[in-house]
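Some notes on the structure that comes next.
Quick note: the coordinates plus some simple rules give every number you see, no bench work behind them. Keep in mind it's a predicted model, so treat the numbers as computed, not measured. Cβ placement follows ideal geometry from the backbone for every residue including glycine, while neighbour counts extend to all protein chains displayed.
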């Protein structure tokens, strides 16, 4: 196969040009509205703009990344109270205002780091993260209550001076803040890096095994959103000249979630619209029906969560799409695959074993699943791990790729001891793991999924979409063989089972691993697909000098492609040798004695 | 009037009454635009128990004024808005009343949080605001007047009574941790110490706290001669009283923050509590008797007991009328100084907000009886509010 | 000192009573029922209704159990069941339900604070101190509930099936246990318990449409550190409830209110199983 780039030019209208144009139009509209609209509406909209900005951060965290957070109100409150406290106790001046802004943002960032430490770590449950974000505003509000005169306690602080600019100017400032935020966020989520948010939401484990430190990413995202919310809170305090604990509390935090849910999570424009409509609407309506209004919102919320989880935005969008004339979706642009330059492999690397397992043990309580597992695997080997169910094969795979998994013993990847490293760090050492059930990212396209896989090697742009995706040759081979190279724009949910398996393999190969762990790669494949994938494996190990470690049940398949077989039984290695040796051994036959006749029959054939 | 818990949709009745009265007043409107008085009040939230009584008081005042020809020949209409008993809701309510409904004046009671949140909007909108709720004092704004009591007026009767008649020397103070609670008890503490008493405990619980266990344990360990409390309205008042009684605490108990209505609804637990305020329903003056009769006639069985939060509202509407008539115009710049010069003889006596925007008041010390009524033990005439807003005129 | 000890014991008992229902639901269904507060409120109003009807206070408890159970049926069917696969969304939907119930209660009963007379007045002398009789009774009630639940789980067939589903739902289904029936019964029982708890706390607190809200977070954190074990819940109630009392007494009641939430969050960070056996 010639190493050649696909010769195609992708026509790429800069995505950000469109966004900037839309933003510009919005700003002009804003300026006009600031003088045209009645004062009451202007007042309400200023508030709604700032709330919408915070709702946007909730959407980024929850709608896109799957982190349910009730705590964005706390950061909003921190920004607001920074302004309120400084202006009340130290007075108002331009330097003080700047100082207050810096203090608010700094405090929010620090608190976010603490929350990140608490909530985002390898193995944390999403429920726990949500709990932490729920406790945060409660703690903050109690802190404010216990501040007595200094913080204004439950009455809040008011009567402080602020910028002496007219309301119309504030309208423009708040609106511009929202518009800039919205445009930036839109560009980010559309960019290649932004797709990672969706990937994390859909399949966090897969991301970790692609070398992405998910916890760190989430914590960074929360830091950014905290800072944005604090900024919004600062502006809020400046224009309203009042701060009160309810702006930092968890009721406001849950309201934000409700607005995002009703507007449509994961759509940016949905939360903005939802927030503005509900907040401004309640200003007009709740005066007349205080209890009924809240009841209506509550009912709508429950109905949306249960029956329409995507919110009302998709409903509106479908309606709009039907009403407007059809146009080609600009982001369905074709992505072109190209060959990435292969990384240099020194000869010395080949001398060390790719994998070195010594005395690995794993027990659950008193149940010992693995005991005394020791072996080496070298580059160019295609090593199959076989054994009856419950022998511990999958457990062993996990122990190799995740440093925290095993109970005792040592694992070295490429000569480096993995100690208790998390999967993403193990991946950095050169190992890739393909799961048993094809785990790809349902909402992403083939190209996007592959780009996520390249994240560690080639960090994607944070603001644009690259029309070219470079992949190492082995990955391209897999794509070409299975026809996936012709469908870069197809969403993964529409792929067949075999195609998903191939895509996942390509993703793992995109990591440029030296060792690949494959957990039952032929499960669910047709005979033809099995042959194809067998050829790929052989090519990977012989041509590309990778070390492949396979867990397999299909003994015929194992026999055809392996260079070496290890037999596990009841957590121990009972045999480790070449294909003929193992296949013909009495011991193995007796281990499999309870297995299907077909397997025994195959072995008879092999012998004969 | 001890009624058990009601299933009646009180809110619906109030809304209906409001709609009817609004319809009535607009019908009676002459060619001139009606004068709008805005009432931002806690229809939901912590003040929602007492808000209906405040609205009723305002309605009666407006109807009486309209029957006599209105203010400067123009009929008066009420605009009620819900401030949620808090800062966020107050901003919306004040915004709505001042900029959307364009009221001529705001007359209402709010929580301190709501008041503080609304004041910047009042300043921006340049509208006179008469604050009709008792509060912790020292809130000052160019456009605001207060016709209810401040701690300087309310605390002394109880403390003096305890020290003189009950011979109490040591006091234990309990409050809700918010501006009003802290403000009241700070003043109480300094007053007690000035009179030679001793404060042996001063504990606070958060606004929404309902578990007074640890505080009660401390109380019993300190063995004070008397207790004085200033908790937030509604639940904290009720829970503290219940838990105190359940723990068997029997020392004299003065509650700075409970009104007659809540005390009645506390039932047997409230018996013996001392309260101090500027209004009790048994005030035996012609003005009060006329007022009560008119309320009874107007609202019948939907009547919410007039109390120390609703009667100032009634009087404030009349004070506004007097100020406008004195100034000869509705123009805010002229009405504001006029508000300090006029007076009104209401159910609480003569009200004139001429002491740095606040008014001297007659204060009553009462004790809750077994049947829930309040017996007046002593009354103090013309208690001065002290220096509340020295910076204002 | 004895006073402090009694405070700790009675606080632990109250926390246990309030959280037991939530534990049942979390243990079996692995979702947090944020409408727990609403059920507490419903139970509180059950005792208001009973008082209005002129019956003795104790009738409130079975009445609350019944109402809670019936309400639980509707909630499980329409809100919880469709969201079984989406636990975070289940939190949100049950929170929304809590809002709805609060508003409906307000529309029916009014926003006002209601009072329910305590069935047992005053304090009784105990080892030299006067202590609230009703609080002491609640210790007994907590024990009764613990024993009853324990018997239900360990001595009945449904209880056995429930424990199986708690440990491994897929396997239990494979063995022919109807996990949907178990989930349904568990939720209704949890809801009934929550309702009864609401009724039981009315003599100590007032009844208003939002009375359940302050209890949610505390109960929720206790359940998280307890996993699915009643014994762990008892331990957690004593340890964390005790910490709350100590902090309230010696430091500051404001911080005391935070103790359970903060300690539980920190505990879970370092030991995700909490008090349950690892």
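Put simply, when B:131-143, A:361-373, B:174-186 are sorted by average Cβ atoms within 10 angstrom per residue, most first, you get B:174-186, B:131-143, A:361-373.
Among DSSP beta bridges lying fully in chain A, give the percent that are antiparallel, nearest 5. Roughly 50 percent of the beta bridges in chain A run antiparallel, per DSSP. Residues considered: C:63, C:187, C:109. Largest GNM mean-square fluctuation over chain C, using C-alpha springs under 10 Å, is found at C:109. The GNM of chain B, with springs linking C-alpha atoms under 10 angstrom apart, assigns the highest mean-square fluctuation among B:114, B:294, B:105 to B:294. The angle separating the long axis of helix A:214-240 from the principal Cα axis of greatest extent in chain A is about 0 degrees.
Inter-chain neighbour count for C:116-123: the average number of beta-carbon atoms from partner chains within 10 Å of each residue's beta-carbon is 4.
Computed over the alpha-carbon atoms, the protein assembly as shown gives an Rg to Rh ratio of 1.04, Rh here being the Kirkwood radius from the mean inverse distance.
In region A:441-497, one over the average inverse separation of all distinct C-alpha pairs is 12.0 Å, which is the Kirkwood hydrodynamic radius. With both labels modelled 7 Å from their Cα along Cα-to-Cβ, the residue A:98 to residue A:523 distance reads 6.1 nm.
Between the alpha-carbon centres of region C:1-64 and region B:305-338 there is a gap of 49 Å. Between residue B:142 and residue B:293, the contour length at 0.36 nm per residue exceeds the Cα-Cα span by 50.7 nm.
Length available on full extension from residue A:277 to residue A:363: 0.36 nm per residue minus the Cα-Cα distance, which gives 25.4 nm. With the simple spin-label model, which puts each label point 7 Å out from Cα in the Cβ direction, the residue C:108 to residue A:299 separation comes to 1.6 nm. Computed packing ranks the peptides C:91-102, A:87-98, A:574-585 as C:91-102, A:574-585, A:87-98, most packed first, by mean other Cβ atoms within 10 Å. Helix B:151-164 and the longest principal axis of the C-alpha atoms of chain B enclose an angle of approximately 30°. P(r) tail for region A:411-531: Cα pairs beyond 25 Å make up 24% of the total.
Largest first, the extents of the alpha carbon coordinates of chain A on the three principal axes equal 94, 57, 48 Å. Comparing Cα centroids, region A:167-200 and region B:283-297 end up 61 angstrom apart.
Rounded, prolate or oblate: which fits chain B, taking a ≥ b ≥ c as square roots of the Cα gyration tensor eigenvalues, rounded meaning a/c under 1.5, else prolate when a/b beats b/c? Prolate, since a/c reaches 1.5 and a/b exceeds b/c. What separates the Cα centres of region B:102-127 and region A:357-404 is a distance of 72 Å.
Residue separation of residue C:126 and residue C:171 scaled by 0.36 nm, minus their Cα-Cα distance, works out to 11.1 nm of gained length.
With axes computed from alpha carbons, what is the tilt in degrees of helix A:269-285 against the longest principal axis of chain A, rounded to the nearest 10 within 0 to 90? Value to nearest ten degrees: 30. Hey, rough spin-label estimate for residue B:380 and residue A:308, points 7 angstrom out along Cα→Cβ, what's it come to in nanometres? Each label point lies 7 Å from its Cα, and together they span 6.1 nm. Within the listed set C:167, C:211, C:24, the Gaussian network model of chain C (springs between alpha-carbon atoms below 10 Å) gives the highest mean-square fluctuation for C:167. Counting, for every residue in A:454-460, the Cβ atoms of other protein chains within 10 Å of its Cβ and taking the mean gives 0. Per residue, chain A reaches -17500 deg cm²/dmol at 222 nm when only DSSP H runs of four or more residues are counted, each adding -39500 (n - 2.57). Per-peptide packing, taken as the mean over residues of other Cβ atoms within 10 Å, places A:516-526, A:251-261 in the sequence A:251-261, A:516-526 from highest down.
Taking every DSSP beta bridge that has both ends in the protein assembly as shown, the antiparallel portion is near 45%.
The mean number of Cβ atoms from other chains found within 10 Å of a Cβ in peptide C:130-136 is 4, as a whole number.
Normalising by residue count, region A:15-250 has a Cα convex hull of 120 Å³ per residue.
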